[in-house]
Amino acid sequence: MKSRALGATGVRLPEVMLGTWGLSGDAYGAVTEAEQDRVIERAYRLGIRGFDVADSYAHGGMEERLGKRLADKSDSFIVTKIGTDRTASPVKRFDRGFLLAQVDACLERQERDVLDCVLLHNPSAAALQRGEATDAMKELVDTGKLKHWGVSVGSAAIGEAALDQDAPILMLAHNAFMDRDLAILRERVIEKRTGVLARSVLSHGLLCGQWPPHKEFPATDHRSARWTPDELRRRTGQLEALRALIGDDVLTMRSSALRYVLADPQISAMVIGPRDCTQLDQLVRESGRGAPYLDEQRLKRFANRLMDVGVTR
Ligand SMILES: NC(=O)c1ccc[n+]([C@@H]2O[C@H](COP(=O)([O-])OP(=O)(O)OC[C@H]3O[C@@H](n4cnc5c(N)ncnc54)[C@H](OP(=O)(O)O)[C@@H]3O)[C@@H](O)[C@H]2O)c1
């Protein structure tokens with residue numbers, strides 16, 4: 001697996017990272033602990049070294065699993081996200097005291113003396129503009145509790161606020177049908193040499209192109225509340241555009257979507273979200289083995305097809 005620089009942090013990581021929101025069972029439905037372990041171990045065997053988690057995934061359980069499974073793998077790199085207090089209302093908290101306590105809890109759960117990387121988990125722009133949260137992160141780096149920090153952002157405006165506070169790493173939603181946020185931030189990200197982690201690269205599974213237009217999700221699956229039936233029907237219809245990227249060794253819509261993300265040189269790593277080993281194998285295999293990920297001509301055709309089906313990215 002090819003490696004890329006994580007911005008100006010000095011860290012180099014294989015370009016595919018394992019995300020563990022789905023694997024934790026929180027987002028899409030239950031996953032057994034045995035399967036969680038198998039996916040983590042297999043990801044490492046396939047060359048993945050970056051692992052994304054949050055203190056909130058499985059109430060800290062996912063961090064514990066990663067801490068245990070990766071304990072003897074000194075080249076692994078765990079990205080943890082903090083800023084959720086389920087006992088508070090609202091649940092998002094970014095005050096210094098809370099963040100410092102959370103980092104101590106993460107160190108304990110991961111059984112580490114120092115954390116590889118911590119991101120503020122979906123703060124508002126106002127929370128970032130206050131400076132308290134980002135100052136706390138810088139203080140934690142200075143005191144040696146963590147090596148790297150950044151912000152997981154929910155919009156370009158929040159990304160701008162994170163860049164204003166000199167966040168060295170951003171995580172953002174980025175995929176073939178939604179690349180607006182990075183487009184807005186791109187110039188500043190290049191100028192500041194910010195590391196960019198792309199998440200939700202399959203738009204929660206939609207871009208695999210395997211769903212019927214009337215697909216339904218159980219209530220425990222976050223996708224049941226994400227799209228109305230009409231919206232889902234419209235979006236599955238638009239997927240046809242992805243076919244413009246298929247050809248040569250790009251055999252599936254899934255592969256097209258993955259390679260679309262990796263074809264962007266500004267992406268430091270792509271965070272995939274498999275829920276079992278079969279999905280993991282497919283995702284790693286279909287991500288390709290390096291540039292060129294997609295043919296330039298086909299990328300142009302894809303951009304035109306997107307306009308035809310009414311997608312404004
Ligand atoms: N705010 C944040 O910081 C934030 C937010 C979201 C995600 N993330 C991170 O990014 C990771 C991935 O993001 P994500 O879960 O939003 O979205 P994603 O990667 O776009 O989608 C994950 C879903 O895609 C489907 N999928 C995966 N591999 C597949 C395959 N080989 N074939 C067919 N379908 C496949 C699965 O759906 P089924 O369940 O239907 O099989 C899976 O639940 C998360 O685990 C997390 O680490 C961070």
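Amide H to amide H distances under 5 Å link Met171 with Val151, Ser152, Val153, Leu197, where only residues 5 or more positions off or on other chains count and H is placed in the peptide plane.
How high is the relative contact order of region 1-108, in percent, counting Cα pairs under 8 Å that sit 6 or more residues apart? Over region 1-108, the number comes to 21 percent. Other residues within the sphere of radius under 10 Å centred on the Cβ of Asp95, judged by their own Cβ, net out at +1 (K and R +1, D and E -1). Of the GluC sites (Glu not before Pro) found in region 152-236, the ones in coil according to DSSP and having at most 14 other Cβ atoms within 10 Å of their Cβ are Glu216.
Here the relative contact order of region 3-308, from alpha carbon pairs under 8 Å that lie six or more residues apart, stands at 20 percent. Could you work out the local net charge near Ala5, counting Lys and Arg as +1, Asp and Glu as -1, over the other residues with Cβ closer than 12 Å to its Cβ? Overall, the nearby charge balance is +3. With q set to 0.08, 0.13 Å⁻¹, the log10 of I(q)/I(0) for region 3-308, from the Debye formula over equal scatterers at the Cα positions, is -0.34, -0.94.
The sum of -39500 (n - 2.57) across all DSSP H runs of n ≥ 4, divided by the residue count of the chain, sets its helix-only mean residue ellipticity at 222 nm to -11500 deg cm²/dmol.
Near Ile246: Cβ cut-off under 13 Å, other residues only, Lys/Arg at +1 and Asp/Glu at -1. The net charge is +1. Tell me, what % of the accessible area of the chain is carbon and sulfur with a 1.4 angstrom probe? In the chain, the share of accessible area belonging to carbon and sulfur is 48 percent. Distances between placed amide hydrogens fall under 5 Å for Cys117 paired with Ile78, Thr80, Lys147, His148, all partners being 5 or more residues away or on another chain. Residues in region 254-261 carry Karplus couplings, in order, of 4, 5, 4, 5, 5, 5, 4, 5 Hz; the curve used is 6.51 cos²θ - 1.76 cosθ + 1.60 with θ = phi - 60°, and Gly or Pro positions show x.
List the GluC sites (Glu not before Pro) in region 97-144 that DSSP assigns to loop (not H, G, I, E or B) and whose Cβ has at most 12 other Cβ atoms within 10 Å. Which are they? If you can, show how the numbers build up before the last one.
Working: sites: Glu108, Glu111, Glu132, Glu139; in loops: Glu111.
The qualifying sites are Glu111.
The HN-Hα couplings worked out from phi for region 288-297 by the Karplus form 6.51 cos²θ - 1.76 cosθ + 1.60 (θ = phi - 60°) are x, 10, x, 5, x, 7, 9, 6, 4, 4 Hz, whole numbers, x standing for Gly and Pro.
Need one number: % antiparallel among DSSP beta bridges in the chain, to the nearest 5. Around 20 percent antiparallel, to the nearest 5. Just checking the listed ones, Ile48, Ile190, Ile246: in the Gaussian network model of the chain with Cα springs under 10 Å, the one fluctuating most is Ile190.
Under 5 Å from the amide H of Val11 lie the amide H atoms of Leu6, each residue being 5 or more positions distant or on a separate chain, with H modelled from the backbone and absent for Pro and chain starts.
The string of couplings for region 104-120 from the Karplus curve (6.51, -1.76, 1.60, θ = phi - 60°) is 4, 5, 5, 4, 5, 5, 7, 6, 10, 8, 8, 8, 5, 7, 10, 10, 5 Hz, one whole number per residue in order, with x for Gly and Pro.
Rounded to the nearest 20, the size of the Cβ-charge dipole of region 46-171 about its Cα centre is 340 debye, with Lys and Arg at +1 and Asp and Glu at -1. About its Cα centre, the dipole of the chain is roughly 740 debye, where the only charges are +1 on Lys and Arg Cβ and -1 on Asp and Glu Cβ. Between Met178 and Arg226, the simple label model (points 7 Å from Cα in the Cβ direction) yields a spacing of 0.7 nm.
For region 29-84, trypsin sites (Lys or Arg not before Pro) meeting the loop criterion (DSSP other than H, G, I, E, B) and having at most 14 other Cβ atoms within 10 Å: Lys73. Would you please give the FRET efficiency between Glu139 and Gln210, computed as 1/(1 + (r/R0)^6) with r the Cβ-Cβ distance and R0 = 45 Å, to the nearest 0.05? Efficiency at R0 = 45 Å is approximately 0.45.
The values are calculated or read from the model by the stated rules, or taken from the named source; none is laboratory data. Bear in mind the structure is a predicted one, so any value in this text is a computation, not a measurement. As a convention, Cβ positions derive from the backbone with ideal geometry for all residues, glycine included, and neighbour counts pool all protein chains shown. Heads up: the accessible areas ignore ligands, DNA and RNA and are worked out on the full protein's heavy atoms, side chains in. Shrake-Rupley method; radii C 1.70, N 1.55, O 1.52, S 1.80 Å.
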